[in-house]
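Novice: Structure provided below as structure tokens; questions to follow.
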Amino acid sequence: MAFNSVEFLVFFPLVVAVYFLLPHFLRWFFLLGASCYFYMSWRPLYILIILLSSSVDFAAGLLMEKMARGSWRKALLVFSLLVNLGVLFVFKYFNFFNDIARQIAHLAGIGYAIPVLDVVLPLGISFHTFQSMSYAIDVYRGSIKAQRSYGTYALFVVFFPQLIAGPIERAGHLLRQFYEEHYFDYNRVVDGLRLMLWGFFKKIVIADRLAVYVNSVYNQVDMFSGLTFIVATYLFAYQIFCDFSGYSDIAIGAARVLGFDLMDNFNRPFAARSIVDFWRRWHISLSTWFKDYVYIPLGGNRVGKWQNVCALLLVFLISGLWHGAKLNFVYWGLLHGLLIVAFLLTRSFRERIALFLGLSVCPRVSRALSVGMTFTITGASWFLFRVNSMRDAGRSSRVFFPRGRGSRYWGLFTLRSLASAWGFYVFWRRFMRINRSFVCGIVFPASRWRCDGRFICLAFFQSFPLGSLMINNLSTSSFDL
């Protein structure tokens, strides 16, 4: 059952009404039944997958808590993880790796007879699998106590607001809330409904409308190029944000109406000042999951520089594969890993450049440049996430790395833009050397924004050539790359 469906608009008010009418000791049982119905309304048989993983993790948690530290506890954890990852592999990744093995065998001239597995990917399998695994790992580490009630633990795994698209909750945060008695609070209910309405707006009004344009471009890559493709790529950044964060807002709001508190999943990611800051703001429940259960166990930042680099690249490779069983997702994850590595390795160099340009004395300018550059880089990287295949990725890459007549255009455009940028740099350095304190004190005051007329005029006339060059290039080129 999708959030943006008529069935959910009937299902949710009924669940809320019955939930608050029931006595506290029956509410967990009702929520468990409602959550199972929510999932089974799509494919009833697939509830057995959740039953398998939750049963294994529940039993493993009890046994690990009873045993002293030793090899048996580790063996139980490994068994639990293998079951969860095995189920995830069969349904989501078997055909992906099977196809790679078939291509390698074909290149080597070896016969390959393993058929394609004809299965439908279960909804939310990546989310509830990671959530269930985190419980087993936390019990093994001693971070939480093993759950004694299987029904309550099953409710933790299948809780319908966050079952399909997260947030990926932790047992230490959500499990205890099922034991708390929640009363009908008008202000809390209204707050939750407002958040749900905002999520529906982002999903239906913004994301679904942007998807019409983005899909028309990316489903016919050969028919579009240049500016059209660039616009579609950056619109997709907003589409996926509004789609994903909209679902998260609906989930958090629905849980809030019932009295439960789920973790925030997005925190203005397009206001990030760096690629590292972006991943602190984007899909927070997943990024913190990988940090706590993959990156830190690999050594984190406590190991040497190159070990840390390898750990980061591995984490983002897995993160890309988590998003989808296609090579373009793997490359998208690796690209973000490389961007983060480059950001960390060039920290001192970037600080020297900022000091040389005088940006350290004007934090608002520095912040604006950082946000703009981060959005430009992360926005451009979404084309790898959106393309339907690597063949389409190769074709669409002509926009960013063109050849032929388009490359001459981009070469001229780049040289002219760099020349204008150099002119602006010279102006900035001379003006700031003369009146740096005046600009930072008048144009960027700490209390409020004010504008100095002289600075506006100088900035306008200096930036006008760059703007005119860009407009001239845009208007005189057909962007047929």
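Every number here is computed from the coordinates shown, using simple stated rules; none is lab data. What you see is a predicted model; the values in this text were computed from it and never measured. Positions of Cβ are backbone-derived with ideal geometry, glycine not excepted, and every protein chain shown enters the neighbour counts.
Novice: List the lysines whose Cα lies under 19 Å from the Cα of Lys291, skipping any in the same chain that are fewer than 8 positions away.
Specialist: Output for Lys291: Lys305.
Novice: Label region 207-334 by shape, choosing from rounded, prolate and oblate, from the square roots a ≥ b ≥ c of the eigenvalues of the Cα gyration tensor; if a/c is under 1.5 it is rounded, and otherwise prolate applies when a/b is larger than b/c, oblate when it is not.
Specialist: The shape class here is oblate.
Novice: For a quick check of your reading of the filter: which GluC sites (Glu not before Pro) in region 169-215 sit in a DSSP loop and have no more than 16 other Cβ atoms within 10 Å?
Specialist: Glu180, Glu181
Novice: For the ranges 205-215, 20-30, what's the packing order if you count other beta-carbon atoms within 10 Å of each residue, average per peptide, and put the highest first?
Specialist: 205-215, 20-30
Novice: Sort 141-152, 126-137 by packing, meaning the average of other beta carbons within 10 Å per residue, with the highest value first.
Specialist: Result, highest mean Cβ count within 10 Å first: 126-137, 141-152.
Novice: Can you list the lysines whose alpha carbon sits under 27 Å from that of Lys203, skipping same-chain ones fewer than 8 residues off?
Specialist: Lys92, Lys326
Novice: In straight Cα distance, which lysines are under 18 Å from Lys145, not counting same-chain residues fewer than 8 positions off?
Specialist: Partners within reach: Lys66, Lys74.
Novice: Got a sec to turn the phi values of region 301-306 into Karplus ³J(HN,Hα) couplings, 6.51 cos²θ - 1.76 cosθ + 1.60 with θ = phi - 60°, whole Hz, x for Gly and Pro?
Specialist: Values per residue, Gly and Pro as x: 8, 8, 9, x, 4, 6 Hz.
Novice: How high is the relative contact order of region 38-125, given as a whole-number percent (alpha carbon pairs under 8 Å, six or more residues apart)?
Specialist: 23
Novice: Here is a follow-up. Give, in nm to one decimal, the length gained when the segment between Met67 and Asp222 is fully stretched (0.36 nm per residue of separation minus the Cα-Cα distance).
Specialist: Gain in length upon complete extension: 49.7 nm.
Novice: Sorted by packing (mean other beta-carbon atoms within 10 Å per residue), highest first, where do 367-375, 47-55 land?
Specialist: 47-55, 367-375
Novice: While we're looking at this one, here's another question. Which shape class applies to region 91-211: rounded if a/c is under 1.5, otherwise prolate when a/b exceeds b/c and oblate if not, where a ≥ b ≥ c are the square roots of the Cα gyration tensor eigenvalues?
Specialist: Since a/c reaches 1.5 but b/c is at least a/b, the shape of region 91-211 is classed as oblate.
Novice: With θ taken as phi - 60° and the coefficients 6.51, -1.76 and 1.60, list the Karplus ³J(HN,Hα) couplings across region 323-332 in order, rounded to whole Hz; mark glycine and proline as x.
Specialist: These are the phi-based 3J(HN,Hα) values: 6, x, 8, 9, 5, 5, 5, 5, 5, 4 Hz.
Novice: Can you check how the C-alpha radius of gyration of region 1-90 compares to 2.2 N^0.38 Å, as a plain ratio?
Specialist: Working it through for region 1-90, the quotient is 1.45.
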